[in-house]
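Have a look at the structure below before the remarks.
Since every read-out is calculated from the coordinates, none of them should be taken as a lab result. On a predicted model such as this, the values are computed, not experimentally measured, just so you know. Positions of Cβ are generated from backbone atoms using ideal geometry, with glycine treated the same way; all protein chains shown enter the neighbour counts.
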Amino acid sequence: MSVPRTWNLVAPGYAAEIAPTFSRFAEDALQLAHLVPGERVLDVATGPGTLAVAAARSGARVSAIDFSPQMIAELHARVRGDGIAEIDAQVADATALPFEDGAFDAVFSMFALNLVADRGAAFREIHRVVRRGGRAVVGTPGSMTSAPAFGEVLGILRGALPDLAFDGDLPLTEPAELHREMFAAGFEEVDVRTVAGAFAYQSLEAIWAAAGRAAAPIVVAREALGEEGWSRASAEILRRLERRFGAGPHRIDISVNLARAKKK
C-alpha cells in the first residue's frame, strides 16, 4: 500500500470509481480552509486530483504531487478534459516535498497520509511548506472495523484470497490519533471533525466489480493471481457475498476524519 507501483495499477479504476464520491469530502476540506481566490495551495498525494481540481476551480493557484506517475497522468488528463486552470502537478514523495519553506497559504492531503510509511516525516514536510499563519487540512478514513458486516466480508475475502494484503483498520482512523500527529509536527489550533458519506450501488455484483478495479489490496491480489485465477476466485467470492448479504441494491456508509490546523 506504500509503494508507487500499487497506485499505478489502481489509478484508472480509482479515478472512475472512488474519486466521484470522495469529491464531496474534498469540498468539505476546502470549506474548512476558508480559501481566498489567488491563494497558493498544495495537494499532497493528490491521486487523480480530486481536491486539486476543486481548488483550482475556486480560484486558487494549485500545485499537486503524488508518488504515482499514473495518478499524475490521470490528473493531467482531467485538467485537459475539463478545461480548468493549469495545475502544477508533478511526481514527488510526501516525505520530501520539492518546495521551499513557507511556500503555500494552505496545504491539503486527503486519504493518503494513513498509508505513508514515515507519517511523521510527511506531517513535518507539510508543516515546513506552509507559511506562518497558513493552514493545513488532512483527511483520513474513519474506522471500518466498527461496521457489523466488516469482519464477515474480510473473512469471505480471505477464504478465496489468502495472501490479501489487508488486515483491517489503517492508522489515523481515530480522530485523537490524527490530532496527536498533527500537533507533534508543529501545528497548533488542531481541530478534528468527522463527516459521513456513502457509496450506493444497484447490486452487490456492482460493488465487487468496482472493488476489483479500484480497491488497492484487491487489485494487487488480482494481478498476482492472473486473470484466469482471478476469474475463479472472484466468482467464488461473489457467490459467498451474495449468499450472505443478498444481491442488492446496497449502500456502504463511510466516515472521514477532517483535521484543520494552523502554523503559528
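Assigning unit charges at the beta carbon (Lys, Arg +1; Asp, Glu -1) and nothing else, what dipole magnitude in debye, to the nearest 20, does the chain show about its Cα centre?
320 debye
Using a 7 Å offset from the Cα along the Cα-to-Cβ direction at both residue 262 and residue 31, what is the distance between the two label points in nm, to one decimal?
Going by the 7 Å Cα→Cβ label model, 2.1 nm.
Kindly provide log₁₀ I(q)/I(0) values, in the same order as q = 0.23 Å⁻¹, from the Debye equation applied to equal alpha-carbon scatterers of the stretch 127-170.
Log10 I(q)/I(0), no solvent term: -0.83.
What is the set of long-range amide H partners of residue 64 at a cut-off below 5 Å, with H atoms built 1.01 Å from backbone N?
43, 88, 89, 90
Counting only other residues whose beta carbon sits under 12 Å from that of residue 181, what net charge do I get with K and R as +1, D and E as -1?
0
With unit charges on the beta carbons (Lys and Arg positive, Asp and Glu negative) and the dipole taken about the Cα centre of the chain, which residue among 62, 226, 4 sits farthest to the positive side?
62
Could you check which residue among 226, 59, 139 shows the biggest mean-square fluctuation in a GNM of the chain with a 10 Å Cα cutoff?
Residue with maximal mean-square fluctuation among 226, 59, 139: 226.
Collect residues whose amide H, placed 1.01 Å from N in the peptide plane, falls under 5 Å from the amide H of residue 142; neighbours closer than 5 in sequence don't count.
255, 256, 257
Given labels modelled 7 Å from the Cα in the Cβ direction, how far is it in nm from residue 96 to residue 145?
Simple spin-label model gives 3.4 nm for this pair.
Show that you can apply the helix-only estimate: for the chain, add -39,500 (n - 2.57) for every DSSP H stretch of four or more residues, divide by all residues, and state [θ] at 222 nm to the nearest 500.
-15000 deg cm²/dmol
Mean 1/r over all different Cα pairs, inverted: what Kirkwood radius does the stretch 101-174 give, in Å?
The Cα-based Kirkwood calculation yields 14.5 Å.
So what are the radius of gyration and Dmax for the Cα set of the stretch 214-264, in Å?
Expressed in Å, the Cα Rg and Dmax of the stretch 214-264 come to 17.7, 56.
Provide the gained length on full extension for the span residue 154 to residue 8, in nm with one decimal, where the gain is 0.36 nm per separating residue minus the Cα-Cα distance.
50.1 nm
Binning at 10 Å from 0, report for the chain what percent of all alpha-carbon pair distances ends up in each bin.
Histogramming the chain at 10 Å steps yields 7, 30, 35, 20, 8, 1 percent.
Output wanted: per-residue J couplings in Hz (rounded whole) for the stretch 149-155, from phi through Karplus 6.51 cos²θ - 1.76 cosθ + 1.60, θ = phi - 60°, x for Gly and Pro.
Rounded to whole hertz, the list is 8, 4, x, 5, 4, 4, x.
For the pair residue 247 and residue 77, how long in nm is the line joining their label points, each one 7 Å along Cα→Cβ?
Taking the two extended label points, one gets 3.2 nm.
Running a GNM on the chain with Cα contacts under 10 Å, which residue among 249, 171, 217 ends up with the highest mean-square fluctuation?
Top of the fluctuation ranking is 249.
I need the phi-derived Karplus couplings for the stretch 183-198: 6.51 cos²θ - 1.76 cosθ + 1.60, θ = phi - 60°, integer Hz, Gly and Pro marked x.
5, 5, 7, x, 6, 10, 6, 6, 10, 10, 10, 10, 10, 10, x, 7
Is there a quick way to get the dipole size of the stretch 123-228? I mean about its Cα centre, with the Cβ of Lys and Arg at +1 and of Asp and Glu at -1; what is the value in debye to the nearest 20?
Dipole magnitude for the stretch 123-228 comes out near 560 debye.
Restricting to Cα pairs below 8 Å that are 6+ residues apart, what does the relative contact order work out to for the chain? Please round to a whole percent.
Reported relative contact order: 22 percent.
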